[in-house]
Amino acid sequence: MNKLPDLCDTWDLTLPSPPTHSKLYALGPLGMGTPNVESLTSYMARLAEAHSVSLRTLVIQELLPLLKRDYLSNPLGNTLSSFWKEAARALNGTGALAQEWAQTLERLTLRTDLRFLTLLPWATVLTQQRLLRCTRAWCPDCFMEWQAAGQSIYEPLLWTVNAVSVCLRHQQTLLEQCPYPDCQATLPVLASYLRPGYCSKCSRWLGIADDPSPIFWTTEQWRWQIWVAEAIGQLLAHNMDLMVTPHLKSIPDLIIAVREQVAHGSTQNLEKKLQLSRRTVNAWQLGRQTPQLESLLRLCYCCGISLYDVFASPFGTLHLGKLKIRSLPDIPNPTGNRRPRIPMDLVSIRQSLENALAQEEQPPPSMRTVARRLNHSPKELREHFPELNRAISKRRKDYYKVRREQKILQLKEEICQATRKIHSQGLYPSSHLVGLLLKDPILLRDRVALRLWRETLEELKLTGKSAT
């Protein structure tokens, strides 16, 4: 029996999947693939500005819930402001904090390149010690140039690196204080109302000509500063196109080569040449220590080798037969200002720690504060007196826990009074109306305060009504 031919086309009636939309605007990073790639902290500030909200609002409402760091948004303390000052610089670095925040921002924007706004591509070769600045630094001429050209204002990752002191484009030192005489603030890397190019304290434009303090650098010192900025800029320009995992395998051979060619085989001469301690040089050669960036730059500068080649060249391919040796200028030693090591009198220190634990100082001092008073590092005391360290830390933690509970009780009483007052007037005590009667109306935006408000509504049997 013959089959009938198809008389019409077959249509696929399956509905196409709707495109995925990002929760936040997929703002494009600036300077990608160049030495002036944008920093992650600058990107966050521009992202907040693109949504017409403050950086604080963006972080609290969108990032912290995904990061599971709700404690940073606690209005009963000052945790977020402390985070801006003490830890925010790490968002541009090589550690877990940079990775978590970059991934969260990628999730919210559906971008896949925000990790390249940090030093994460170089995490295997860069230690976090003395890596990043604690405060903002900027070139006012860059800001003026971008503004005049109608370009977006941002702050490059290069400016956040501690070893970089100059702007390559304009051959001038980076500023670290607000130029206005009535401000002169040193600015944190992040702040609640940060905008790139503006002072986060007085909100004024930072791209203005300033009379900088004279810097009496010699020609050799200027050459060093320019070389450092170029070397680190070369690393950042390759953030996106690394073909190998950065490594430190070439450093022992490099040390041997420079010792033979420059120091005539003497480790002592090499120490003087590099302005580093013998302990540091030996630890590098044995692979027991990851070099600090500024110290490693000294070695590369003396050898005439780029930092990128040391990190990214396949092992054994560096040409070490005849190095282009040059002397280091007289530059500040990053370890020169360190506190000299003080011998530990264990009996006396134990007594001092026990006394600190017994005293009724309010608030109880942190272990870091106690260590500073004893002229020892927290690490030293933690190693020798772990029990006392835990006891001192626990007492401080318990103090702030009790203090927080007291603040919550006070807030609950204030919310109860406001709720009852509005209810007695025949009005529904919405969160908005209750907030208007609080000493600080913004408190009712916090989840703890909202929970207290809802508990009060349950006591008044008003939970069935619409809550706004």
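The values are calculated or read from the model by the stated rules, or taken from the named source; none is laboratory data. Only a predicted model underlies this, so the values are computations on that prediction, with no experimental measurement involved. Don't worry about glycine lacking a Cβ; one is built from the backbone with ideal geometry, like all the others, and counts go over all protein chains shown.
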Expected output for region 431-442 (first residue in the same structural domain as residue 408 (by TED's automatic domain parsing), partner among the β-branched types (Val, Ile, Thr) and modelled with pLDDT of 80 or more, Cβ below 8 Å, 6+ apart or cross-chain) is 433/422; 434/415; 434/419; 434/422; 437/422; 438/415
Yes or no: region 147-161 includes at least one residue that is among the polar types (S, T, N, Q) and under 25 Å from residue 300 (Cβ atoms).
yes
Here the qualifying pairs (Cβ atoms under 8 Å; residues six or more apart or on different chains; first in region 12-38 and under 16 Å from residue 112 (Cβ atoms); second assigned to a loop (DSSP other than H, G, I, E, B) and of a type in the set (Gly, Ala, Ser)) come out as 37/31; 38/31
Next on the checklist: When you check residue 151 against the structure, is it under 30 Å from residue 291 (Cβ atoms), in the same structural domain as residue 28 (by TED's automatic domain parsing) and of a type outside the set (Gly, Ala, Ser), yes or no?
Outcome noted: no
For region 404-430, pairs from a residue that is over 14 Å from residue 456 (Cβ atoms) to a residue that is modelled with pLDDT of 85 or more and surrounded by 11 or more Cβ atoms within 10 Å (Cβ to Cβ), with Cβ under 7 Å and 6 or more apart or across chains, are 427/433
Within region 280-305, restricting to residues that are among the polar types (S, T, N, Q) and over 18 Å from residue 124 (Cβ atoms), the one that is surrounded by the fewest Cβ atoms within 10 Å (Cβ to Cβ) is 282
Subset of region 374-421, residues surrounded by fewer than 17 Cβ atoms within 10 Å (Cβ to Cβ), touching a helix residue (DSSP H, G or I) at 6+ places or on another chain (Cβ under 7 Å) and among the β-branched types (Val, Ile, Thr), comes to 408
Filtering region 154-179 down to residues that are in a loop (DSSP other than H, G, I, E, B), touching a residue at least 60 places away in the same chain (Cβ under 8 Å) and within 20 Å of residue 49 (Cβ to Cβ) yields 154, 155
- Does any residue of region 98-108 turn out to be assigned to a loop (DSSP other than H, G, I, E, B), of a type outside the set (Asp, Glu) and either at pLDDT 95 or above or surrounded by 12 or more Cβ atoms within 10 Å (Cβ to Cβ) (or both)? no
Flagged pairs (Cβ under 7 angstrom, 6 or more apart or on separate chains; first in region 356-378, at positive phi; second hydrophobic (A, V, I, L, M, F, W, C) and surrounded by fewer than 17 Cβ atoms within 10 Å (Cβ to Cβ)) are 375/342
### Query
Right, residue 246: at pLDDT 85 or above, surrounded by 17 or more Cβ atoms within 10 Å (Cβ to Cβ) and in contact with an Asp or Glu (Cβ under 8 Å, 6 or more places away or on another chain) or not?
no
Note on region 43-55: residues over 15 Å from the mean Cα position of the chain (by Cα) and in a helix (DSSP H, G or I) are 46, 47, 48, 49, 50
Scanning region 9-64 residue by residue, those out of contact with any helix residue (DSSP H, G or I) (no Cβ under 6 Å at 6 or more places or on another chain) and aromatic (Phe, Trp, Tyr) turn out to be 11
- Among the residues of region 195-202, is any of a type in the set (S, T, N, Q) and surrounded by fewer than 20 Cβ atoms within 10 Å (Cβ to Cβ)? no
Among helices (runs of 4 or more DSSP H) entirely inside region 255-321, those with 3 or more residues being of a type in the set (A, V, I, L, M) are 293-303, 307-312
Could you say whether any residue in region 251-272 is closer than 17 Å to residue 232 by Cβ and buried (at least 18 other Cβ atoms within 10 Å of the Cβ)? no
